[in-house]
Structures are given as structure tokens and as C-alpha cells.
Amino acid sequence: LSADIALRRKETLTSMCDERARMLQDQFNVSMNHVHALAILISTFHHGKQPSAIDQKTFEEYTERTAFERPLTSGVAYALRVRNSEREEFEKLHGWTIKKMESEDQTLAQDYIPANLDPAPDQDEYAPVIFSQQTVSHIVSIDMMSGKEDRENILRARASGKGVLTSPFKLLKSNHLGVVLTFAVYNTHLPPYATPADRINATVGYIGASYDVPSLVEKLLHQLASKQTIVVNVYDTTNKFAPIKMYGMDENDTGLLHVSNLDFGDPARKHEMHCRFKQKP
Ligand code: WA2
């Protein structure tokens, strides 16, 4: 194989991989901006109005009609911050108890419904989902602080005021790995220099979006009709010694590999796209 052809092959792989990585990153960024706007919508029309202008029906209709603004997401939901001292009143008002997030086998069961879940055990505070897009209605009433990944996201989102991402984990009622994006909702308009303590104090709830990564990346790559040519894998490389595969088959070595960086907007997480040609030259 001449050096000239080899070089051209390398350039082709680089540009195909970079293009796909940029598309994925851009679509992720577009969704993130819209989820951020939803946090402001909740702050303005739910917490900022007496009585609230948003109920489950309004939220469901609005999020369904604006779903095109959030490519790659499988659903959005709003969880309210509830202190233990407010729990009884909250539960009486809603007519249901705050539920504990349950084990995988329980949530994968065909007849799984939140009403069958156990009540959340006593905690200082909870984050029960009160509004949801219809696609994730199975998380209504579940305390999002009772799930490890969701809890970490909530704590980091409210202290930082930024959109934050979980590591890949198995989402409820899904067979694949996904990630959750969280923005805190505050009861006042906080200045950029607000301290973490100010932010934690002013927190009233959390808006979150779930990304079913395999099916959404698949859909994106499908639009490009390049699947005969290259194999794409997406990794969470936050821990570079233990990367987590979020999308793709086992990489089989066909020689040339190109790695494109992916920036999903949370500096605490690192992601990469790995591309290879399907066939050896
Ligand atoms: N949304 C959908 N499926 C899930 C999930 C989740 N979290 N966690 C596990 N499976 C309401 O950060 C607040 C959404 C959490 C937001």
C-alpha cells in the first residue's frame, strides 16, 4: 500500500469521526440548553406564581410539544425538594407517598408501577418527581435522592448552578446504559458569584433529562448512512484507566483507529468517540 493512499485513508477516518463526534456533541448541547430553559420555566411559572401556572397536565403537554428541541433525550421530569418536616403535608397534598428507587429486577418487571414500590425510608430531605414527560411517567413519586447516580447529580447541580451529568448507568425501565442531566431550580435569581452555600439554600427542585445513549446515538448515525464504512464507539473516559462503553460493539482491531474528543458540557466528565474502518485496506 503506497504511503499516499495510507495517508488519504487516515484523513478520511479523521474527518468522518470528527464530523460524527461534532454532530453528537452539538445535539447534546442543544438539548442541554433547552433543559436549562425548562428550569427557568419551572422557576417562573411554578414557584414564581401564586397559584402555580403549571400542573402535571400542562407540563406533559408542553414537554411533549417541545420534545423536538431536545434531541437525544428520552424524557424530562421535575423533582421537588421536600424536607423531612414537610413530608407528611406533601404526601397528604399529593395523595401518594414518596417512593424509594428500587432494584433493577423489580423495575424491569412487566407489571412495574411506582404504586407498588416501597415508601422512602426517613431522610433529612427527598426529591420526589412531581411532573414528568409522558415517556418517563414511571418515575413520578420516586425520590431521586434514593438512587446513587441521581443523588450525586442533584448535590452537584444545586451547589454549582450548572448542568451536570451522571456516569453511564442503567436507567429505570431500560435495558441500556444511559446518562441523566440535572439542573437545579432556585427560588431567587442568583448572581453568577453566588456561593455554593447560597445556592444550596435557595434550591427548590431539580429538572432532569434522561439520555438512552445506545438508541439515540444509533438514530443519529443512521441519518448519516455511513454504517457500511466505519465502526463507532462512545466511551465515558472520566477515569481513563477504566473507560465505560456507552455505545457500540466490541472493538475489533482493523488497524487504523481515530479518537475524537466529545465535550458534553460538564467539565467533571470526559467522553471520547472511537472510530475504525470496518474493513482492512
Ligand atoms: N430519569 C429517567 N429515568 C431514570 C432516572 C431519571 N432521573 N434515574 C434513573 N432512571 C428528575 O435530576 C432530577 C431524572 C432525575 C431528575
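The values are calculated or read from the model by the stated rules, or taken from the named source; none is laboratory data. Quantities reported herein were computed from a predicted structural model and do not represent experimental measurements. Quick reminder, even Gly has a Cβ in these numbers, built from the backbone with ideal geometry, and neighbours come from all protein chains shown.
Brief remarks on what is shown
- Evaluation of residue 173 against (1) at positive phi; (2) in contact with a Leu (Cβ under 8 Å, 6 or more places away or on another chain); (3) surrounded by 18 or more Cβ atoms within 10 Å (Cβ to Cβ) (one fails), failing number: (3)
- Exactly one residue among 69, 64 is in contact (Cβ under 8 Å) with a residue 12 or more places away in the chain, exposed (fewer than 15 other Cβ atoms within 10 Å of the Cβ) and of a type in the set (D, E, K, R), and that residue is 64.
- Residue check, residue 137 hydroxyl-bearing (Ser, Thr, Tyr), at pLDDT 95 or above and away from the ligand (no atom under 12 Å from the Cβ): no
Yes/no matrix, rows are residues, columns are (1) touching a strand residue (DSSP E or B) at 6+ places or on another chain (Cβ under 9 Å); (2) more than 14 Å from the ligand (Cβ to nearest atom); (3) β-branched (Val, Ile, Thr):
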position: 176; (1), (2), (3): yes, no, no
position: 212; (1), (2), (3): yes, no, no
position: 222; (1), (2), (3): no, yes, no
position: 234; (1), (2), (3): yes, yes, yes
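- Looking across the stretch 55-88, the residues that are within 17 Å of residue 141 (Cα to Cα) and either touching a Lys or Arg at 6+ places or on another chain (Cβ under 8 Å) or not in a helix (DSSP H, G or I) (or both) come down to 55, 75, 76, 77, 78, 79, 80, 81, 82, 83.
- Among the residues making up the stretch 253-271, a single one is within 13 Å of residue 15 (Cα to Cα), in contact with a Lys or Arg (Cβ under 8 Å, 6 or more places away or on another chain) and of a type in the set (A, V, I, L, M, F, W, C): 257.
- Candidate set: the stretch 39-82, residues that are hydroxyl-bearing (Ser, Thr, Tyr) and within 30 Å of residue 20 (Cβ to Cβ); chosen: the one nearest to the ligand (Cβ to nearest atom): 74
- Search result, residues across the stretch 166-181 that are assigned to a loop (DSSP other than H, G, I, E, B) and of a type in the set (Val, Ile, Thr): 166
- Within the stretch 140-165, tally of residues that are assigned to a loop (DSSP other than H, G, I, E, B) and either within 9 Å of the ligand (Cβ to nearest atom) or within 17 Å of residue 75 (Cβ to Cβ) (or both): 3
- In the stretch 178-188, the qualifying residues are those that are of a type outside the set (Gly, Ala, Ser) and within 25 Å of residue 90 (Cα to Cα), and the one that is nearest to the ligand (Cβ to nearest atom) is 182.
- Residue 149 being charged (D, E, K, R), modelled with pLDDT of 95 or more and out of contact with any Lys or Arg (no Cβ under 7 Å at 6 or more places or on another chain): yes
- Scope the stretch 67-98; condition touching a helix residue (DSSP H, G or I) at 6+ places or on another chain (Cβ under 7 Å), of a type in the set (A, V, I, L, M, F, W, C) and within 18 Å of residue 147 (Cα to Cα); matching residues: 76, 77, 79, 82, 98
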